[in-house]
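Engineer: Below are the structure tokens for one structure; questions will follow.
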Amino acid sequence: MSDRTHPNAQLAELEKLAAHVVELALAKGVDVAEAIARAGSELTTKVRLGEPELVEEASHRGIGLRVIKNQRVALTSTSDLSERGLERFVADALELVDVSQEDPFAGPADPALIATTAPMPDDLYDPEIANITAAQALDWAKRGEKAAFDADSRIKNSDGATFSRTAGGFALVLSGGFRGGYSSSYASLSVVPVVDDEGNKKRRGYHWTARRHFADLDSAESVGAEAARRTLRKLGPRKVPSCEAPVIFDPDAARSIVGMLAGCIMGSSIWRKQSYLAGRIGTPVMSELCTIVDDPFLRRAPGTRPFDGEGLVSRRNVVIEQGRLETYLCDSYSARKLGVTSTANASRGSSGDVGASTTNFVLQPGSSTPESILANTKRGLLVTEMMGFGFNALTGDFSRGASGFWIEDGQIAFPVSEITISLNANELFRRIDAIGTDLDMRTSTASPTIRVSSMTIAGS
């Protein structure tokens, strides 16, 4: 199976392969057989100071299998797609399933929920991305880095510029009657300039672009110029006294905040009682300004998909509506554990394992521009980066290192670093009092600018 095969032909081959494996497993006496076959390629290039530093290209082909027999589950995967390799692969699954522990909640998705037709999205795959060569990728990285150097003479160093692309497809075949698959692509460019500061300290900034379609990427020159701007504004950071003050999170930092909530509304976290949101359905958990939607139908977005990992037709789930928690996101297993219905949020790994995940998990934009949010903040902190991982999903306690800019009279006064921001998530989300209009779907978890009315800032 060539990596340059037309995507439709590739999908047909992958579906045929997956169906064959399912037939082999069923013939061996399992109750359920589910196979996922994948093929694709990845390319990563990096330049530093105008010279190539990394060119890494790889292709992959493989298949994963989940079998269920007498409430026992086994998972196997292989990249040996010869007939002998596939027979050995299926035999391994049969050996594993016989020694697995019984699980009364194990099983396939409810047959009544499985899609009878699988829509084929036509905008998740771009052949122009799939055909990007190493030379073209290096050219993009070089132009991005050069634009950063050209933006200001103070920028003489760099941690490099990286251009990556991935493209491929998969087919899912379930013994319950589902067959489907699709192709997808994604490309990104990041530029990381370095500038010298007082005391021989180095300040690093970055900017990046990422999209499913090549034509939707920001230009290499604009990415480099913006990376330079973001780097230079970090010169001369100060510490601030410890205090309580409003905190604005720019979209990159806000995405991290929203992502931490995503982990707490997964069905698996709820039934394991590893989330502070367990038992909170129907109660306010965020500000009334906040609505979060898990939406698999956003055009060309990174998490868009026509069906989930168990063959259920994708559905749009309103997770938070005007601050109220409306649902947890579940695959079939966690739904059974919780006594609810799957929300079509199953994802399936390359080895055939199934678990719940988000699609496009998005805090819906508000009505305030980021500029107006800043102007209406008399004194506070704008966070552009956070360091470390300081969130306890069980208790909701949140504390992370941060850097950004101090705000005075609605304007950026000076850069700040070496501070810590903290607040329990219950209060953090309830105190969101402004949401921006600047939503950008570069990633599947996304947020516009947000402002929290008051947080603890630990400084000097």
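The values are calculated or read from the model by the stated rules, or taken from the named source; none is laboratory data. From a predicted model like this one, the values you see are computed outputs, not experimental measurements. Note that each Cβ is placed from the backbone with ideal geometry, even for glycine, and that neighbours are counted across all protein chains shown.
Engineer: State the number of residues belonging to segment 188-213 that are outside any helix (DSSP H, G or I), free of Cβ contacts under 8 Å to residues at least 24 places away in the same chain and surrounded by fewer than 16 Cβ atoms within 10 Å (Cβ to Cβ).
Structural biologist: 1
Engineer: Further, regarding this structure: Read through the list (1) modelled with pLDDT of 95 or more; (2) touching a Lys or Arg at 6+ places or on another chain (Cβ under 9 Å); (3) farther than 18 Å from Gly323 by Cβ, then give the number of the only condition that Arg400 fails.
Structural biologist: Every listed condition holds for Arg400 apart from (2).
Engineer: Would you be able to say whether some residue in segment 226-236 is modelled with pLDDT of 95 or more and under 30 Å from Ala109 (Cα atoms)?
Structural biologist: No, segment 226-236 contains no residue that is modelled with pLDDT of 95 or more and under 30 Å from Ala109 (Cα atoms).
Conditions tested, residue by residue: (1) of a type in the set (D, E, K, R); (2) farther than 25 Å from Leu394 by Cβ; (3) at pLDDT 95 or above; (4) in contact with a Ser or Thr (Cβ under 9 Å, 6 or more places away or on another chain).
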site	(1), (2), (3), (4)
Cys290	no, no, yes, no
Ser314	no, yes, no, yes
Asn317	no, no, yes, yes
Arg324	yes, no, yes, yes
Ser334	no, no, yes, yes
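Engineer: Among the residues of segment 312-341, write down those that are in a loop (DSSP other than H, G, I, E, B) and over 18 Å from Glu34 (Cα atoms).
Structural biologist: Across segment 312-341, the qualifying residues are Ser314, Arg315, Arg316, Gln322, Gly323, Glu326, Thr327, Tyr328, Cys330, Gly339, Val340, Thr341.
Engineer: With Gln364, Gln411 as the choices, which residue is out of contact with any Gly (no Cβ under 8 Å at 6 or more places or on another chain) and surrounded by 15 or more Cβ atoms within 10 Å (Cβ to Cβ)?
Structural biologist: So the residue among Gln364, Gln411 that is out of contact with any Gly (no Cβ under 8 Å at 6 or more places or on another chain) and surrounded by 15 or more Cβ atoms within 10 Å (Cβ to Cβ) is Gln364.
Engineer: With the structure loaded, tell me whether Leu298 is within 26 Å of Ala167 (Cβ to Cβ) and not in a strand (DSSP E or B) or whether it fails that test.
Structural biologist: yes
Engineer: Kindly provide the set of residues from segment 396-454 that are in contact with a strand residue (DSSP E or B) (Cβ under 8 Å, 6 or more places away or on another chain), part of a loop (DSSP other than H, G, I, E, B) and farther than 30 Å from Ala301 by Cα, ordered by number.
Structural biologist: Within segment 396-454, Asp397, Asp409, Leu423, Asn424 qualify.
Engineer: Would segment 27-37 turn up any residue that is within 14 Å of Asp92 (Cα to Cα), out of contact with any Ser or Thr (no Cβ under 8 Å at 6 or more places or on another chain), surrounded by fewer than 21 Cβ atoms within 10 Å (Cβ to Cβ) and basic (Lys, Arg)?
Structural biologist: yes
Engineer: What residue, among those in segment 437-454 that are of a type in the set (A, V, I, L, M, F, W, C) and crowded, with 22+ Cβ neighbours inside 10 Å, is nearest to Thr369 (Cα to Cα)?
Structural biologist: Among them, the one singled out is Ile450.
Engineer: All but one of (1) closer than 26 Å to Ser357 by Cβ; (2) among the hydrophobic types (A, V, I, L, M, F, W, C); (3) surrounded by 21 or more Cβ atoms within 10 Å (Cβ to Cβ) hold for Ala434, so report the exception by its number.
Structural biologist: Every listed condition holds for Ala434 apart from (1).
Engineer: For the condition in contact with a strand residue (DSSP E or B) (Cβ under 8 Å, 6 or more places away or on another chain), among the hydroxyl-bearing types (Ser, Thr, Tyr), surrounded by fewer than 13 Cβ atoms within 10 Å (Cβ to Cβ) and more than 19 Å from Val30 (Cβ to Cβ), what is the one hit in Ser59, Ser79?
Structural biologist: Values: Ser59 fails: surrounded by fewer than 13 Cβ atoms within 10 Å (Cβ to Cβ).
Going through Ser59, Ser79 in turn, just one is in contact with a strand residue (DSSP E or B) (Cβ under 8 Å, 6 or more places away or on another chain), among the hydroxyl-bearing types (Ser, Thr, Tyr), surrounded by fewer than 13 Cβ atoms within 10 Å (Cβ to Cβ) and more than 19 Å from Val30 (Cβ to Cβ): Ser79.
Engineer: Check Arg72 against each of (1) at pLDDT 95 or above; (2) under 19 Å from Ile36 (Cβ atoms); (3) of a type outside the set (Gly, Ala, Ser) and name the one condition it does not meet.
Structural biologist: (2)
Engineer: Does Gly279 qualify as being surrounded by fewer than 17 Cβ atoms within 10 Å (Cβ to Cβ), without any contact (Cβ under 8 Å) to a residue 24 or more places away in the chain and either assigned to a loop (DSSP other than H, G, I, E, B) or not β-branched (Val, Ile, Thr) (or both)? Write out each step before concluding.
Structural biologist: Details: surrounded by fewer than 17 Cβ atoms within 10 Å (Cβ to Cβ): yes; without any contact (Cβ under 8 Å) to a residue 24 or more places away in the chain: yes; either assigned to a loop (DSSP other than H, G, I, E, B) or not β-branched (Val, Ile, Thr) (or both): yes.
Answer is yes for this residue.
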